[in-house]
Structures are given as C-alpha cells and as structure tokens.
1. Taking 0.36 nm per residue of sequence separation and subtracting the Cα-Cα distance, how much length would be gained by fully extending the chain between D178 and Q38, in nm to one decimal?
2. Based on alpha-carbon centroids, what's the gap between segment 184-220 and segment 99-116 in Å, whole number please?
3. Give the aspartates and glutamates whose C-alpha is closer than 12 Å to that of K109, dropping any in the same chain fewer than 8 places away, or say none.
4. How far is it, in nm, from the label point at S61 to the one at I119 when both lie 7 Å from their Cα along the line to the Cβ?
5. Pop the C-beta distance of D144 and T194 into the FRET formula with R0 = 25 Å and round what comes out to the nearest 0.05.
6. How would you order 107-115, 92-100, 49-57 from highest to lowest mean count of nearby Cβ atoms within 10 Å?
7. Rank by packing, highest mean first: peptides 167-176, 131-140, with packing defined as the count of other Cβ atoms within 10 Å averaged across residues.
Amino acid sequence: MITSKVRQIIAVCVFMPLSLFVVAFSYVQGGNSYTIAQPKVQLQSIPTELGAWSGEVTGLSEQEYDVLDADDVVGLSLLGPNGTSAYVHMATWTDKTLVGMVCPHHPSKCYQNTGWKTIRTQQDSVDVPGIGSVPVTIAEMQRDGVQIVIAHTYEIGSHHLVDDQGIRGVKVKLFGQDEWPPVTKYLIQVNTPTLASGSAAAKQILSELLVWHADQEAGDSAPPTQSTAL
C-alpha cells in the first residue's frame, strides 16, 4: 500500500524536474538581459559589382520601408552573364523582439503574400572564403506564368541560418552574453525559370555579399567597387 508520504516523494521526483525544465526553457526563450549591438555596416554602401554581376542600387517605397520596419535596408538590381537579371535585397534589424526569436520577413512568407507560389525548395550551402559553409535555402517560385529562383540566408554575428528554428538555436549559443549582434537578411532573386539554372548564380552573388559584409564589419578600409548610396 502506498502511503501519503510515498506519494509526496513520487510527486516531488516527477514534477520537480519538469518544473525546473519549464522554468529554464522559458528563461532561454524569454532571453536574459542583453542589448543588441548597432550595425557596423551601412547597407547602402553595397558594391554594385559582384563577380560577373553589375548593376545599380534601387530605392524602396515608403510603404516597403514601413512594412519591413528594419534599421537598414537596400535593394540592388543586377545584370549578369548571358543577360540574366537578378535582384538583391538586404535588411538589418536590432529589435529585441525579432533578434533571436524569428527570421524577420522570411522570404517564403513575403513572396506568398504577394501572390508567388513555391514550386520546389532545396536546402543547400555555399562555401564562402574566410567564413566557411553557410546554409542557404533556394526556391523556385511562380506567379502569373513567370518563374524565378530565390535564395536566402540570415546572419547573426558569425552564425548563419535559414529559418526560425535555426535562429532559436543561435539564441541558445548567445545566451549569457550582454550584447548580441543584429540580424541581417540576404535575399537574392534570379530571373531564371528553374533551380538548375538559377541556384549557381544565386549562390555566387550570395558569396560575394557575405564576403563584402564580413570585410566591412572587420573594418576593411578598402572602398566598395562603384558603390552608390540610396
């Protein structure tokens, strides 16, 4: 027969670890006391030549700025080999409710909200000099008979990720630090109809952008190639 004292012991053994886990998990999810560092890179200084691609910085509408609610944002129209066109979108956030919690304005949601349908998606990576292997999601999209390929990754300091699960994992790694880096989104759209024709170009452009951004953060004094401010 189980006495009341035994029941109490069982309750403590079962529920105490569970309670501690819930408290610890909530603490990690809610975050400790930290601040977000101000961005070291001005995205408007983005180079207008990236490998075999060249173009010009493009402005965003006031509505786009309001929707993004980012600290810094830039768009870049590019023309590459065989006349292929591409578009680069970068944005940086320092909002604590976003950094370490979600991937702000995830491309899958942004494109879906503007009528694009995902045909297929693949998880890939790009080897970036001085940085290493960076994960990237590449998707083939379609709208009104037009097909494009988009690729994206997010960056928090030295960490790179492609989705909300990844960004929460980074938050665990940063846990305990008083200051966290801002989050920057890299999005490349290549106007080609298939993953096969667009993924290599998107990864090449992404690699160039990641190297440029890392050099700027490190204080590289070399001016960007033919950069144009918004």
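Computed from the coordinates by the stated procedures, all read-outs in this text should not be read as laboratory data. Note that the structure is predicted; figures quoted are calculated from it, not measured. Glycine gets a Cβ as well: all are built from the backbone with ideal geometry, and neighbour counts include every protein chain shown.
1. In short, 49.1 nm is gained.
2. Taking the Cα centre of segment 99-116 as reference, the centre of segment 184-220 is 18 Å away.
3. List returned: D163.
4. It is 2.7 nm.
5. Once the sixth-power term is evaluated, E becomes 0.90.
6. 92-100, 49-57, 107-115
7. In decreasing order of mean packing, 167-176, 131-140 become 131-140, 167-176.
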